[in-house]
Amino acid sequence: MPLGASITQGQFSDGANLDNGYRKYIRDELRFLGWPVNMVGSTADGNFNDKQHEGHRGAILSEINGYLDRSINQKPNIVLIHAGTNDCTRGDELGGISFVTGTYDRMKLIVDKLFSQIDGTTILLSTLLVNGANANSNGYVDTANTGYRRLVNEYAAQGRKIALAEMNNGFITLADLNAADATVTHPNNGGYKKMAAVWAATFDVVQNKGWIQEPLDIDGPDDTGNSCDPSPGNFNGPVQTQSGGQPTYNDGNYGYSETQRGEVARDSVYLNNGNSLIKQYHFAQLVNLGMLEPGRETDELIRILDPDQQHLGTAVSYKLNQDGRFNGDWVSIDVGTECYNRGVRWGDVNGDGLDDFICLSYPAGDMRVSINMGGNPPTFKFLGIIRPNSGGYVQEDVRLADIDGDGRLDFCHIRNPEYEDSGNVYCFRNGGQGLAPTEEYGGYWQGMVGNAYTFDRKGMPGNDGVRFLDINGDFRADWVYVFPDGHTRILINHRGTKADGAGLKPAWVEASSAHPGFGKDVGLDYIKFGRVFGTGKQDMIKVVETSDSVVGGQIITSYSFQAYQNTGGGGRKLRGDGARYCDMYGKGNDDFMYIFGDGTGKIELFENTGNANSWIVHDGILNTGRDRKSVHFGDWNGDGLCDVIAVDKHTGNADIWINNYKSGQAVPTFTYQAGAITGSKCTQGWGDGVFDIGARFADIDGDGRVDYLCMEPNGRTTAWLNRASEMVDMGQIKFTEKYDRANHHWADVNGDKRADFIWVDKYTGAVKVWYNGGNIPTGTSSWNWALKDGIWHDGVDRGENIKFVKMSKSGRADM
């Protein structure tokens, strides 16, 4: 095991030998001499296969002692220690000569740990290289080296298997350090070769003494090229890492309440006696004048006139929603096709935030669509049939709503009476990424629960009262059963798990309270729903129809739209929505953070103890004041500690809170850097889904700093590399695999310190991994990715519930 800091890592190796350091040279030499070599450690750098080590850039001895815990259980039979340089270069900062003199004691703790926990191991302890970092650093190096020589002599006198690798005797000089290194600390390739020569000579000494023994047996792979891929059989688990007793938060069960807002719209028309327009009114969002955020949009009042009614006006017209009132004139629009009102539906087919015109044929219920192309008034593009009838229903059985919360309208139908499970609801997911979920536009329809039902009828009296409406404002359509008197029964649609059934079957949770009703039957046609007040929740509108007078044999019929604002709350936020993981203490495993979704952006920290289901609760450590979807975690400055990054949804600019954690502190403190990232690098923002986020942060080049990635809805990704002094635009690094970005992750699967590209099937939890091959232009991308089939454990849970986290100190993502 190579143990140390950045010199062990191989920093400032030249050219094609990037980050190989001395490690490849000593490995090659020993293998040439016939020794089987398997280098071990929790991290990996370089461009050769057997590149594991325990070298951590910037680490002082006390920190290296902690890092050693990551891999001491691999029981190396030889340990090469080159450590303490940072204690010397930072000596003035950390306490001067008294601190540097303490390198003897701190190194002794490391040596004692190795001898006490690895039976029979041999230690090669190196003196430190000549150094030119500052005026005192080389003198401090001499002090440390004096202590190291004494330490080796003392242990050798006790018969312990430890030898000195002398690297500060004039063989390696300042000329062997890399001229590009401003710290005058790290060797160039020639210097690293000289280090390898010293290691080889010291190895020869100890093997001649007969000190080299066979490695101890350990539970895991032990071969000379240990960069092995994961495999389904090599996962250990499931292991419970958290329990319900550990604080995570939701907003409780949904309960309905309302505020009467009176008349919000009125329409008066001349009708023949006995005729009515009550069925002809709809609510849908046709325009978005203020570019309102999702959840703040409002619906227009729409009137559909059948051919025999069009003497009253045009076939389709609307009144604009103006702060919860519809006081303007009717505005005519051309939806590009004709449709009787009985087949008219509205909903967002393509996920652009505007509702499209849908016509269901009679009686079959074939789904024809005209896409709302925006504008005021809006224009429409007729696409034709995007879903023909698949059997088991007719027009009146169809319900259209966003069941899975991805911003696109899904297709549901109630099973008709000729079937045994009559009344159950079957839904089909809209898998579109373009204008429609059809082959022409790169999309598809997919059974929400395979061939099974999505919702059972709950013993309700008939199908007419069944509605699917987002009643709690979480972008997922809930089941609302409306009775003729206006009272309802509500089941809230939550993201489910495998325990809730196959596929994407939601967890349906009964609301604690529902609409109270009007005390008498008013008729289902007189009860409508729409987003009138911009709260994200569907409001109830009762329509009162009156006949005022008779003129020339016709009746002036008035329709008063009386709104009941939905002021209910709860049921919008699940415990897992705010869960995030990142290494806040620099220990090598991820801590658990919970981000509140109440607008405060408060972060609570739970420190990873390294033991399953055991966390140290630290409560709130930072209030960002940001939307939860804007907050990211990652090591921005390369100091081994995760920082907090908040991205503006529209510009992609970001503020950063730098993690200032120091050893001995209970929790990190932060330094706020406003405008740390500028230039509108990623304007993808985020979608309706909890995990549908455009900006991502992951270290794709392995330099210890997270890079800025920008994902389009179809997964196509562009990137800016986070270099110490600048951001480097790499353009497209990953072309689309035609999967939704909400199901993509970035995590280091193989332990090479570079984030790999991952897709998880949202239905089954099946995982695909593309290994990060580095900055090698491939096709239209500047980065190389290699698909690795069959390496991951599948079927653990639905994709939305899976995260890739470094729970252990292996350097690889767990699941």
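The values are calculated or read from the model by the stated rules, or taken from the named source; none is laboratory data. What you see is a predicted model; the values in this text were computed from it and never measured. Positions of Cβ are generated from backbone atoms using ideal geometry, with glycine treated the same way; all protein chains shown enter the neighbour counts.
Show the residue pairs meeting these rules: Cβ distance below 6 Å; 6+ apart or different chains; first residue within the range 375-390 and over 23 Å from Ile414 (Cα atoms); second residue at pLDDT below 95.
Nothing qualifies.
Give just the number: which of (1) without any contact (Cβ under 8 Å) to a residue 24 or more places away in the chain; (2) of a type in the set (Gly, Ala, Ser); (3) over 19 Å from Asp583 (Cβ atoms) does Gly664 not satisfy?
(3)
Which one of Phe483, Phe468 is free of Cβ contacts under 8 Å to residues at least 40 places away in the same chain, outside the structural domain of Gly689 (by TED's automatic domain parsing) and touching a strand residue (DSSP E or B) at 6+ places or on another chain (Cβ under 9 Å)? Don't jump to the end; show me each part of the working.
On the way: Phe468 fails: free of Cβ contacts under 8 Å to residues at least 40 places away in the same chain.
Unique residue meeting the criteria: Phe483.
Tell me, which residue of the range 292-319 that is assigned to a loop (DSSP other than H, G, I, E, B) and touching a strand residue (DSSP E or B) at 6+ places or on another chain (Cβ under 6 Å) is surrounded by the fewest Cβ atoms within 10 Å (Cβ to Cβ)?
Thr314
Looking only at the range 536-547, decide whether some residue is hydrophobic (A, V, I, L, M, F, W, C) and without any contact (Cβ under 8 Å) to a residue 40 or more places away in the chain.
Narrowing the range 536-547 to residues hydrophobic (A, V, I, L, M, F, W, C): 540-541, 543-544.
Then drop every residue that is not without any contact (Cβ under 8 Å) to a residue 40 or more places away in the chain, which leaves 544.
The answer is yes, given that some residue of the range 536-547 is hydrophobic (A, V, I, L, M, F, W, C) and without any contact (Cβ under 8 Å) to a residue 40 or more places away in the chain.
Looking at Gly375, is it loosely packed, with under 14 Cβ neighbours inside 10 Å and more than 24 Å from Asp525 (Cα to Cα)? Steps first, answer last, please.
Working: loosely packed, with under 14 Cβ neighbours inside 10 Å: yes; more than 24 Å from Asp525 (Cα to Cα): yes.
Spelling it out, Gly375 is indeed loosely packed, with under 14 Cβ neighbours inside 10 Å and more than 24 Å from Asp525 (Cα to Cα).
Within the range 20-45, count every residue that is modelled with pLDDT of 85 or more and either part of a loop (DSSP other than H, G, I, E, B) or not assigned by TED's automatic domain parsing to the domain that holds Met195 (or both).
Here the count works out to 12.
Out of the residues in the range 494-518 meeting the condition of being charged (D, E, K, R) and either surrounded by 15 or more Cβ atoms within 10 Å (Cβ to Cβ) or in contact with a helix residue (DSSP H, G or I) (Cβ under 8 Å, 6 or more places away or on another chain) (or both), tell me which one is nearest to Phe428 (Cα to Cα). Can you show your working first?
First, pick out the residues of the range 494-518 that are charged (D, E, K, R): 495, 498, 500, 505, 510.
Subsequent filtering for residues that are either surrounded by 15 or more Cβ atoms within 10 Å (Cβ to Cβ) or in contact with a helix residue (DSSP H, G or I) (Cβ under 8 Å, 6 or more places away or on another chain) (or both) retains 495, 498, 500, 505.
Details: Arg495: 16, Lys498: 18, Asp500: 17, Lys505: 11 Å.
Here the answer is Lys505.
Go through (1) in a strand (DSSP E or B); (2) under 33 Å from the mean Cα position of the chain (by Cα) and name the single condition Asp548 misses.
Asp548 satisfies every listed condition except (2).
Any idea which of (1) of a type in the set (Gly, Ala, Ser); (2) farther than 23 Å from Gly568 by Cβ; (3) modelled with pLDDT under 95 is the one Gly295 doesn't satisfy?
With (1) of a type in the set (Gly, Ala, Ser); (2) farther than 23 Å from Gly568 by Cβ; (3) modelled with pLDDT under 95 applied to Gly295, the lone miss is (2).
Mind listing whichever residues of the range 609-631 are in a strand (DSSP E or B) and of a type in the set (Lys, Arg)? Even if it seems obvious, please write down each step before you answer.
Within the range 609-631, the subset in a strand (DSSP E or B) is 615-623, 631.
Passing the criteria: none in range.
Which of the residues belonging to the range 354-372 are out of contact with any helix residue (DSSP H, G or I) (no Cβ under 8 Å at 6 or more places or on another chain) and either surrounded by fewer than 16 Cβ atoms within 10 Å (Cβ to Cβ) or not aromatic (Phe, Trp, Tyr) (or both)?
Once the filter is applied, which keeps residues that are out of contact with any helix residue (DSSP H, G or I) (no Cβ under 8 Å at 6 or more places or on another chain) and either surrounded by fewer than 16 Cβ atoms within 10 Å (Cβ to Cβ) or not aromatic (Phe, Trp, Tyr) (or both), the range 354-372 yields Leu354, Asp355, Asp356, Ile358, Asp366, Met367, Arg368, Val369, Ser370, Ile371, Asn372.
Does Asp643 satisfy being at pLDDT 95 or above and not hydrophobic (A, V, I, L, M, F, W, C)?
Details: at pLDDT 95 or above: yes; not hydrophobic (A, V, I, L, M, F, W, C): yes.
So Asp643 fits the description; yes.
Would you point out which residue out of Gly702, Gly731, Gly751 is surrounded by fewer than 24 Cβ atoms within 10 Å (Cβ to Cβ), touching a Gly at 6+ places or on another chain (Cβ under 6 Å) and not β-branched (Val, Ile, Thr)?
Just one listed residue meets the conditions, Gly751.
If Val449 satisfies all but one of (1) β-branched (Val, Ile, Thr); (2) modelled with pLDDT of 95 or more; (3) within 35 Å of the chain's Cα centre (by Cα), what's the number of the condition it fails?
Against the list (1) β-branched (Val, Ile, Thr); (2) modelled with pLDDT of 95 or more; (3) within 35 Å of the chain's Cα centre (by Cα), Val449 comes up short only on (2).
Name every residue in the range 613-637 that is in contact (Cβ under 8 Å) with a residue 40 or more places away in the chain, over 21 Å from the mean Cα position of the chain (by Cα) and more than 17 Å from Thr669 (Cβ to Cβ), in order of residue number.
Hits for the range 613-637 are Asn613, Trp615, Val617.
Restricted to the range 385-428, and to residues that are of a type in the set (A, V, I, L, M, F, W, C) and outside any strand (DSSP E or B), which residue is surrounded by the most Cβ atoms within 10 Å (Cβ to Cβ)? Give the steps one after another, and end with the answer.
Narrowing the range 385-428 to residues of a type in the set (A, V, I, L, M, F, W, C): 385-386, 394, 398, 400-401, 403, 409, 411-412, 414, 425, 427-428.
Now narrow it down to the ones that are outside any strand (DSSP E or B): 394, 403, 409.
Values: Val394: 16, Ile403: 30, Leu409: 26.
Checking each candidate, the answer is Ile403.
What's the number of the only condition in (1) without any contact (Cβ under 8 Å) to a residue 60 or more places away in the chain; (2) among the hydrophobic types (A, V, I, L, M, F, W, C); (3) under 20 Å from Gly159 (Cβ atoms); (4) crowded, with 21+ Cβ neighbours inside 10 Å that Leu128 fails to meet?
The single condition Leu128 does not satisfy is (3).
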